[in-house]
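Novice: Can you read through this structure? Questions will come right after.
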Amino acid sequence: MSQYKAFDGAHLDHQRLKAAKDALAAAGKKQAEMMRELSMIWLEKQEVETMMRLGIDELDAEVQTLQEEKALWEEEREERGREAGVLQDHLAEMETKKGEVAGGAECMLAGFREISKRQLTEKEQDI
């Protein structure tokens, strides 16, 4: 019976060894699978970070362009404001001249009327 126990003990050790080897192989397989998944996740993370950096770079460039355009618009607005001031001054000057010319024309017209009246009166006296 002791041979049977020895055989039985060896058989149990062999089964335990086989079970341990199988478990080790399964663990190795699982570790390799998890490493592949980890690598895929790491690659996806790198891709997302790269895309985000590109998106941020594009947004930064767009912000820079908009800031430059804003500066140009502000400069143009200031220039238009200066031009409007010059035009307002010119308009006021023209209105003043118009008033002067109109006043002068009325004086001339009054003078012509006076001359015409005198000439008419002289001709009437001649007749």
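Novice: Select, from Leu120, Leu91, Leu109, the only residue that is surrounded by 10 or more Cβ atoms within 10 Å (Cβ to Cβ) and under 55 Å from the mean Cα position of the chain (by Cα).
Specialist: Criteria check complete, one pass: Leu91.
Novice: Mind checking whether some residue in the range 51-68 is open to solvent by 80 Å² or more (accessible area, probe 1.4 Å), of a type in the set (Val, Ile, Thr) and assigned to a helix (DSSP H, G or I)?
Specialist: There is at least one residue in the range 51-68 that is open to solvent by 80 Å² or more (accessible area, probe 1.4 Å), of a type in the set (Val, Ile, Thr) and assigned to a helix (DSSP H, G or I).
The values are calculated or read from the model by the stated rules, or taken from the named source; none is laboratory data. Computed from a prediction, not measured in an experiment: that's the story for all the values here. Glycine gets a Cβ as well: all are built from the backbone with ideal geometry, and neighbour counts include every protein chain shown. The protein model used for the area step is the full one, side chains on, heavy atoms only, and it has no ligands, DNA or RNA in it. Shrake-Rupley method; radii C 1.70, N 1.55, O 1.52, S 1.80 Å.
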